[in-house]
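First up is the structure itself, then whatever we jot down about it.
The values are calculated or read from the model by the stated rules, or taken from the named source; none is laboratory data. Just so it is clear, the structure is predicted and the values come from calculations on it, not from any experiment. Note that we place each Cβ from the backbone using ideal geometry, even for glycine, and neighbour counts take in every protein chain shown. The accessibility values were calculated without ligands, DNA or RNA, using every heavy atom of the protein model including side chains. Shrake-Rupley method; radii C 1.70, N 1.55, O 1.52, S 1.80 Å.
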Amino acid sequence: MSEKEIEISVINQLTTHFDFIPKVKGRHFSGKQLVIDYIIKPRRPEKWKNKNIVFGLEFKDINRLDNIEDTTDFTKWIAQCVDYSHT
């Protein structure tokens with residue numbers, strides 16, 4: 001599955017439960033500005049313990065990473081995940 005196909009599938013499965021906010025900018029603690037694919041918010045936040053809960057979604061084509069012969073690109077991908085969690 002391509003990134004776009006994964007994105008469409010996830011949105012189709014979650015859209016009844018979450019609102020999707022695309023291309024959200026945030027600032028990493030290093031000062032670098034990052035853009036994540038989506039922030040999703042529950043449509044019924046009263047059902048959550050934290051009423052202000054949101055989740056960040058970044059879609060990646062896993063199959064593309066399977067064909068990499070070294071760890072450089074994979075390591076960059078993991079580093080991006082960590083950076084987003086600190087943004």
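If R₀ is 22 angstrom, what is the calculated FRET efficiency for the pair residue 13 and residue 85, using the beta carbon separation as r and rounding to 0.05?
Efficiency computed from Cβ-Cβ geometry: 0.45.
From a point 7 Å beyond the Cα of residue 73 in the direction of its Cβ, which residues of the stretch 20-61 have a backbone N at a distance under 19 Å?
58-61, by backbone N distance to the label point.
Just read off the accessible area of residue 3 with the full protein assembly in place, 1.4 Å probe, to the nearest 10 Å².
The value for residue 3 is about 60 Å².
Provide the per residue accessible area, probe 1.4 Å, for the chain, rounded to a whole number of square angstrom.
Result: 75 Å² of accessible area for each residue.
Taking a cut-off of 27 Å between Cα atoms, list the lysines near residue 60, but don't count ones fewer than 8 places away on the same chain.
Within the straight-line limit of under 27 Å, residue 60 reaches these lysines: 4, 23, 25, 32, 41, 76.
Counting pairs of alpha carbon atoms under 8 Å apart in space and at least six apart in sequence, what relative contact order in percent does the stretch 1-51 give?
Relative contact order here is 31 percent.
Please report, as a whole percent, how much of the solvent-accessible surface of the stretch 1-50 comes from carbon and sulfur atoms (probe radius 1.4 Å).
For the stretch 1-50, the apolar C and S fraction of the accessible surface comes to 55 percent.
List the relative contact order of the chain as a percent without decimals, with contacts defined as Cα pairs under 8 Å and 6+ residues apart.
For the chain, the relative contact order is 28 percent.
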